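Novice: I'd like to ask some things about the structure below.
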Amino acid sequence: MKKVSRRRFVEQLGVGVSAAAFLPSVAFSAEKQAPLYAGKKLQVALCGLGRYANLVREGLAASQYCQLAGIVTGTPAKAAAWRTDHRIPEKNVYSYQNFDKILTNKAIDAVYITLPNALHKEFTLRAARAGKHVIVEKPMALTEQDCQEMIAACKKAGVQLAVGYRLHYEPHHQEIKRLGQEKVFGQVRLIESSLGYRLAGISPDDWHLKKALAGGGPLMNLGVYCVQSSRYVLGEEPVAVTAQFGPVTMPELFKEVEESISWQLTFPSGAVCTSTTTSTCNIDRFFASADNGSFELSPGLSYGPFQGKSSQGAFNFPVLNQQAAQLDGIAPYLLEDKPLPAHISGEEGRKDLRVLDAIYKAARSGEKVTLR
């Protein structure tokens, strides 16, 4: 694998960010309602101004509890445009090189990191040292060990660490979690969850194709959604995994990371989750079968708008700004200095990486991997 320098990391930041950078944008149908909260807002600095940062920016604008207060970018032109468009004071604008000076800036409470996966750990550690709360996008880092170091650093610094699990605040996903964990149709026995997009024609220089930046292919950037859905619907942690890499059909693009991968997770209850994440075709669905019924979403794991049904009938939930809902779910805890709920904490992110690590190990070895 060709080594990618830190300078090259920064040079590539402009091509886009986030674990779900290839998911389609959605025009939210729900109108923004008048704010009901009139107290102090969480002042947030966005770190990394690629594609997903624009969705977070829209979420911040729609949020009741948060406000865009600062930016961190390696592109001067972006810094100038964002500063003008969002009336950001010059003192709240940082580069990747001078980011540590945020330590003395009392106008910023939290840093939201939307950088490529490989930079999540570095900037989480730097933000923690600066005494700022951290919200980091998925996947939390490249390995479970990285996650453990991030959790420890934030704990040592006395700041909180959240992961951007927007679907935890989305009503369709809250419903499938309820149906599964409350065993509305009995024990869930089988889950199928898959997510993929055909990436033929993208630039070979895109950071998602570089192992040093992404950590892997679609498993890292999309498969984390599949792993998450099975874990929160069952309310269990997997105990074993088998996995298989798919064939490489676009060798000009997939020289460093997998093009597709399938895996099977086994849970303590005996439930099995089968998943595929791929860059060869479009798929976006979740299906669960239980003793006395089933439930599903299609679209299921992207930005939606989601559609779903169960054995009791079709779902009828509103379309909402998922980033705003997530931010408003996190901010009150940070504003009131209360511990974050476990389901969106750094510990939750660590659990996902534990599974992703095992999936890669199983695919490379061809053997079942036991999770302890």
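Novice: Of all residues in segment 297-316, how many are touching a residue at least 12 places away in the same chain (Cβ under 8 Å), under 15 Å from L179 (Cβ atoms), surrounded by fewer than 19 Cβ atoms within 10 Å (Cβ to Cβ) and not hydroxyl-bearing (S, T, Y)?
Specialist: Within segment 297-316, residues that are touching a residue at least 12 places away in the same chain (Cβ under 8 Å), under 15 Å from L179 (Cβ atoms), surrounded by fewer than 19 Cβ atoms within 10 Å (Cβ to Cβ) and not hydroxyl-bearing (S, T, Y) number 3.
Novice: Just name the residue that is most open to solvent (accessible area, probe 1.4 Å) out of those in segment 187-221 that are in a helix (DSSP H, G or I) and closer than 19 Å to R364 by Cα.
Specialist: So the first thing to find is which residues in segment 187-221 are in a helix (DSSP H, G or I), and the list is 207-209, 211-214, 218-221.
Filter once more, so that each one left must be closer than 19 Å to R364 by Cα: 209, 211-212, 214, 218-221.
Working: L209: 5, K211: 93, A212: 23, A214: 0, P218: 7, L219: 0, M220: 3, N221: 8 Å².
Once the filter is applied, the top-ranked residue is K211.
Novice: Of the numbered conditions (1) open to solvent by 70 Å² or more (accessible area, probe 1.4 Å); (2) at negative phi, V319 satisfies every one except a single condition; which is it?
Specialist: (1) is the only condition that V319 fails.
Novice: Looking at segment 51-68, which of its residues are in a strand (DSSP E or B) and open to solvent by 10 Å² or more (accessible area, probe 1.4 Å)? I'd like the intermediate steps shown before the answer.
Specialist: Narrowing segment 51-68 to residues in a strand (DSSP E or B): 66-68.
Those that are in a strand (DSSP E or B) and open to solvent by 10 Å² or more (accessible area, probe 1.4 Å): Q67, L68.
Novice: Counting only residues that are in a strand (DSSP E or B) and touching a Lys or Arg at 6+ places or on another chain (Cβ under 9 Å), which one in segment 141-168 is nearest to A214 (Cα to Cα)?
Specialist: Initially, segment 141-168 is screened for residues in a strand (DSSP E or B), giving 161-163.
Filter again for touching a Lys or Arg at 6+ places or on another chain (Cβ under 9 Å), leaving 161, 163.
Details: L161: 21, V163: 17 Å.
Restricting to residues being in a strand (DSSP E or B) and touching a Lys or Arg at 6+ places or on another chain (Cβ under 9 Å), the top hit is V163.
Novice: Of all residues being surrounded by fewer than 21 Cβ atoms within 10 Å (Cβ to Cβ) and free of Cβ contacts under 8 Å to residues at least 40 places away in the same chain in segment 127-151, which is farthest from I102 (Cα to Cα)? Just the residue, please. Before the answer, list the steps.
Specialist: Restricting attention to segment 127-151, the residues satisfying the condition of being surrounded by fewer than 21 Cβ atoms within 10 Å (Cβ to Cβ) are 129-131, 143-145, 148-149, 151.
Right, trim to free of Cβ contacts under 8 Å to residues at least 40 places away in the same chain and you get 129-131, 145, 149.
Values: R129: 10, A130: 6, G131: 9, Q145: 26, E149: 21 Å.
Filtering segment 127-151 for residues that are surrounded by fewer than 21 Cβ atoms within 10 Å (Cβ to Cβ) and free of Cβ contacts under 8 Å to residues at least 40 places away in the same chain, the one farthest from I102 (Cα to Cα) comes out as Q145.
Novice: With respect to S269, determine if the residue is in a loop (DSSP other than H, G, I, E, B) and touching a residue at least 24 places away in the same chain (Cβ under 8 Å). Break it down into steps so the answer makes sense when it comes.
Specialist: Working: in a loop (DSSP other than H, G, I, E, B): yes; touching a residue at least 24 places away in the same chain (Cβ under 8 Å): yes.
Answer is yes for this residue.
Novice: Looking at A27 and the list (1) open to solvent by less than 90 Å² (accessible area, probe 1.4 Å); (2) small (G, A, S); (3) modelled with pLDDT under 95, which single condition is not satisfied?
Specialist: It is condition (1) that A27 fails.
Novice: Among (1) open to solvent by less than 30 Å² (accessible area, probe 1.4 Å); (2) in contact with an Asp or Glu (Cβ under 7 Å, 6 or more places away or on another chain), which single condition is A290 missing?
Specialist: For A290, the failing item is (2).
Novice: If you scan segment 35-50, which residues turn out to be outside any loop (DSSP other than H, G, I, E, B) and within 18 Å of the chain's Cα centre (by Cα)?
Specialist: V44, A45, L46, C47, listed by residue number.
The values are calculated or read from the model by the stated rules, or taken from the named source; none is laboratory data. For clarity, every value in this text was computed on a predicted model and none was experimentally measured. Virtual Cβ from ideal backbone geometry, glycine too; neighbours counted across all protein chains shown. Heavy atoms of the whole protein, side chains included, go into the accessibility calculation; ligands, DNA and RNA do not. Shrake-Rupley method; radii C 1.70, N 1.55, O 1.52, S 1.80 Å.
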